[in-house]
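Data block below; observations after.
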Amino acid sequence: MRIGMSTALLVTTLACGAPPRASETARYVPRRRDVTLTTVPYLVREMTGVLPFLKEALAKGGVLEGKEVYGFVPSSVTVVEGDTLHFTFINPEDDVHAFVLPDFAVSLPGQSVTTGTYVARRAGLYRFTCAIVSHQPMMAGDLVVLSPAAIAAIAASADASPSPAR
Ligand SMILES: [Cu+2]
C-alpha cells in the first residue's frame with residue numbers, strides 16, 4: 001500500500017510538473033539513512049495453538065505445506081540515489097532469516113540484532129527477500145531508490161502548490 005501511494009504521487013508529480021532543471025537535480029546531497037527492519041512471524045508452526053486452522057494449512061497437502069509466513073517490518077524502504085543505509089535487523093525469535101538484495105546479503109541469526117551498511121548506488125525498485133526457501137515468496141519487500149531528479153520534481157511540485165486559504 002505504501003509503495004502504491006508513493007508511486008502514485010511520483011507518477012502524478014512527474015506527469016504534471018515541468019522537468020527539473022540541472023541546478024535542481026544537483027541540489028540533493030546524499031545522506032545517511034538509519035533503517036530498522038524486524039523479522040515478524042505471521043503464520044508459523046508455533047502459532048497452531050492460537051490459530052487452529054494453521055495445523056491443516058501447514059500439514060502435507062495444506063495450502064502452506066512446506067512454508068511459513070514471515071514478514072519484514074517495514075516491508076518497504078524509500079531512499080534517494082547515493083544515500084547510505086545503515087541497517088539494523090532485529091530477529092526476535094529463534095528461526096534464522098536472511099536479508100537479500102541483488103547485490104547485498106546479510107544472515108540474520110535467531111534472537112539477534114545484526115547491522116549492515118549499504119549504498120543505494122542506482123535509482124530503481126529493488127526487491128529484498130529472505131533466503132530461507134520455506135519463507136519464500138512471502139517474506140519480501142521493496143527498496144525504492146528515487147533519483148535526485150524525482151526528488152527535485154516532487155519539491156518543485158510542492159513549491160508550486162497554492163497556499164491554503166485563510
Ligand atoms: Cu526468513
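Here, each number is a calculation from the coordinates, and none is a lab measurement. It should be emphasised that the depicted structure is a prediction, and the values quoted were computed from it without experimental measurement. Here Cβ is always computed from backbone atoms with ideal geometry, including for glycine, and neighbour counts include all displayed protein chains.
Across region 79-130, the number of residues qualifying as closer than 30 Å to TYR28 by Cα and polar (S, T, N, Q) comes to 6.
Condition (residue is within 13 Å of the ligand (Cβ to nearest atom) and more than 14 Å from the chain's Cα centre (by Cα)) applied to region 99-106: is it met by at least one residue?
Among the residues of region 99-106, at least one is within 13 Å of the ligand (Cβ to nearest atom) and more than 14 Å from the chain's Cα centre (by Cα), which makes the answer yes.
Here region 77-114 is the region considered, the condition is being surrounded by fewer than 17 Cβ atoms within 10 Å (Cβ to Cβ) and of a type in the set (D, E, K, R), and the residue that is nearest to LEU146 (Cα to Cα) is ASP103.
Report yes if VAL96 is closer than 28 Å to LEU43 by Cβ, out of contact with any helix residue (DSSP H, G or I) (no Cβ under 7 Å at 6 or more places or on another chain) and within 16 Å of the ligand (Cβ to nearest atom), otherwise no. Give the steps one after another, and end with the answer.
Working: closer than 28 Å to LEU43 by Cβ: yes; out of contact with any helix residue (DSSP H, G or I) (no Cβ under 7 Å at 6 or more places or on another chain): yes; within 16 Å of the ligand (Cβ to nearest atom): yes.
So VAL96 fits the description; yes.
Which residues, counting only those in region 113-130, are assigned to a strand (DSSP E or B), at negative phi and of a type in the set (Gly, Ala, Ser)?
First, the residues of region 113-130 that are assigned to a strand (DSSP E or B): 113-119, 124-129.
Add one more test, that the residue is at negative phi, and what stays is 113-119, 125-129.
The one that is assigned to a strand (DSSP E or B), at negative phi and of a type in the set (Gly, Ala, Ser): GLY116.
Among the residues making up region 115-131, those that are surrounded by fewer than 16 Cβ atoms within 10 Å (Cβ to Cβ) and aliphatic (A, V, I, L, M) are VAL119, LEU125. Annotation note: Cβ proximity below 8 Å between a residue of region 52-67 that is surrounded by 17 or more Cβ atoms within 10 Å (Cβ to Cβ) and a residue that is of a type outside the set (Ser, Thr, Tyr) and assigned to a helix (DSSP H, G or I) (sequence gap 6+ or interchain) occurs for LEU54/ARG45; LEU54/MET47; LEU58/ARG45; LEU64/LEU54; LEU64/ALA57; LEU64/LEU58; LYS67/LEU58; LYS67/HIS135. In this structure, is ARG127 farther than 22 Å from ARG45 by Cα and within 15 Å of the ligand (Cβ to nearest atom)? Judged against the criteria, ARG127 is a match.
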